[in-house]
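Note sheet for the following structure.
The values are calculated or read from the model by the stated rules, or taken from the named source; none is laboratory data. In this text the structure is predicted, and so the values were computed from the model without any measurement. In this analysis, Cβ positions are derived from the backbone assuming ideal geometry, glycine residues included, and neighbour counts consider all displayed protein chains. Side chains included, ligands, DNA and RNA excluded: accessible areas come from the protein's heavy atoms. Shrake-Rupley method; radii C 1.70, N 1.55, O 1.52, S 1.80 Å.
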Amino acid sequence: MVRIFGATVLALLSWGGAGEPLVGQEVAWQEAKVFAVPTQADPAIDKIVDNYLDRLESLGYDRQRQGIWLQSEWAYLGYNQGESAFPAASLTKIATSVAALDKWAPNHRFITRFYTDGPIHNGVLEGNLFVAGDHDPLFVWEEAIAVGNALNQAGIREVTGDLVAVGNFAMNFEANPAIAGALFQQAVDESQWSATVSQAFGDLPPNTPRPQVKIAGAVQTQAVLPANLEPLLEHQSLPLAALLKQMNIYSNNDMAEMLAQAIGGAAIVAQTTSRLGAIPAAEIQLKNGSGLGVDNRLSPRAVTKMYQVLAAQLEPHGLGIDDIFPVMGRDRRGTLEWRSMPQGLTIKTGTLNTVSALAGTIPTQERGTVWFAIINNGPNFDRLRVEQDRLLQQIAEHWQVLPENLNAGPMDKVLLGDPARNLTPPPSES
């Protein structure tokens, strides 16, 4: 069950563990740091995994439909059907995260821009208000309320014309610009608030003003902006890393699909991830960016490779896997709320009617970082979750888990509705 990297240790290994060395970078095996970490098999882990599979079989699950892959930096520690592509549910969002970080830096912000085609007199914008989207997948009530307050500060309390939504403008996960525009029109006018909007407002800091921008006209949509508009405001999204964290904590399908479409679609997500992780195309088959449907298929091995790619993408920016995925014991909302896994594990879950999947990292004293993926196929995902949690608890009892990621990270300190992300452009030159 266990495979170990060769005795000649190279300073550079591919994700598959058998890459070519950099010229001049080969080191004597006696001097390699890898030998400070065990590279041999762990019979106890073999037994734990075998017992887990035996347990599933006793519950009526087909052993050959259960995918498992565990590996450390230097050894493959356990697997079952590890190279077989199974329906992987929301583990697909790991691939979407990889492709997003390939296209944009972790600090990238999507800019939603606001324009007018008329003058402003005594608080009245005599013309239309244009909103031009830029693929922001988390423009929600709190963000729109902050924009409404910024428009008030810019001297706008009424708009005599229409609200014109242009391009990729989405709000509250509604990608239809007409619907998104209607939601924005409601958000910026306190007199139109529903109980839902009021509840969102209650999550904003105390003393946040209530916006008052009354738009007299209808919501219109256009594919492109007209020429000669006057810029009013630029709204910056949360940084990409924070968007990915929110997407993965709540396993938000709409956010994942919007990001995938902004990247170029599911095929581009799969191709990018396959290229970066040296993953065979047969092990990553995607129909969308969210994981909805059984046609999104990943192998457990591919999932662990994707995590390794993410670590390499994030490290130069001072970030880690735990900055874009939930951590057990720290992130108590979303998909981990009712799980019973050991603290300190960074986790992504995936669930369909007949799929329960789990993947992430285990920080251990004995083996360093252990990457794992579990893809279970069969009915009763609640039972499969219980067995997954039990498996990870047994692994944690065998290895000393280091719960080092329990403190809030930089992506936990960003706030929805932050007025500092609304920027007024400088006056145009006459």
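Assessment of the range 220-238 against the conditions (in contact with a His (Cβ under 7 Å, 6 or more places away or on another chain) and closer than 23 Å to residue 348 by Cα) yields no matching residue. For the residues 290, 251, the requirement of being open to solvent by 10 Å² or more (accessible area, probe 1.4 Å) and under 18 Å from the mean Cα position of the chain (by Cα) singles out 251. For the structure I just gave you, tell me whether residue 322 is in a loop (DSSP other than H, G, I, E, B) and either touching a strand residue (DSSP E or B) at 6+ places or on another chain (Cβ under 7 Å) or crowded, with 17+ Cβ neighbours inside 10 Å (or both). No: the conditions fail for residue 322. The residue of the range 73-102 that is nearest to residue 284 (Cα to Cα), among those that are of a type in the set (D, E, K, R) and over 14 Å from the mean Cα position of the chain (by Cα), is 83. Before we move on, is residue 137 part of a loop (DSSP other than H, G, I, E, B), under 23 Å from the mean Cα position of the chain (by Cα) and buried (at least 23 other Cβ atoms within 10 Å of the Cβ)? Criteria met by residue 137. No other residue among 13, 56 is at pLDDT 95 or above and surrounded by 12 or more Cβ atoms within 10 Å (Cβ to Cβ) apart from 56. Among the residues of the range 274-288, is any in a helix (DSSP H, G or I) and hydroxyl-bearing (Ser, Thr, Tyr)? Among the residues of the range 274-288, at least one is in a helix (DSSP H, G or I) and hydroxyl-bearing (Ser, Thr, Tyr), which makes the answer yes. Per the conditions (1) of a type in the set (Val, Ile, Thr); (2) part of a loop (DSSP other than H, G, I, E, B); (3) in contact with a Phe, Trp or Tyr (Cβ under 9 Å, 6 or more places away or on another chain), the sole criterion not satisfied by residue 156 is (3).
Among the numbered conditions (1) surrounded by 19 or more Cβ atoms within 10 Å (Cβ to Cβ); (2) charged (D, E, K, R); (3) under 18 Å from residue 189 (Cα atoms), tell me where residue 126 comes up short. Against the list (1) surrounded by 19 or more Cβ atoms within 10 Å (Cβ to Cβ); (2) charged (D, E, K, R); (3) under 18 Å from residue 189 (Cα atoms), residue 126 comes up short only on (1). Applying the set (1) closer than 24 Å to residue 389 by Cβ; (2) within 17 Å of the chain's Cα centre (by Cα); (3) in a helix (DSSP H, G or I) to residue 332 leaves exactly one unmet item: (3). Exactly one residue out of 105, 154, 75 is buried (at least 21 other Cβ atoms within 10 Å of the Cβ) and hydrophobic (A, V, I, L, M, F, W, C): that is 75. Every test in (1) buried (at least 19 other Cβ atoms within 10 Å of the Cβ); (2) closer than 30 Å to residue 143 by Cβ; (3) touching a strand residue (DSSP E or B) at 6+ places or on another chain (Cβ under 8 Å) is passed by residue 395 save one, and that test is (2).
Here the range 187-225 is the region considered, the condition is being assigned to a helix (DSSP H, G or I) and without any contact (Cβ under 8 Å) to a residue 40 or more places away in the chain, and the residue that is surrounded by the most Cβ atoms within 10 Å (Cβ to Cβ) is 190.
Results for (1) more than 21 Å from residue 68 (Cα to Cα); (2) without any contact (Cβ under 8 Å) to a residue 60 or more places away in the chain; (3) open to solvent by 50 Å² or more (accessible area, probe 1.4 Å), shown as yes or no for each residue.
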position	(1), (2), (3)
345	no, yes, no
355	no, no, no
365	yes, yes, yes
372	no, no, no
379	no, yes, yes
404	yes, no, yes
408	yes, no, yes
418	yes, no, yes
424	yes, no, yes
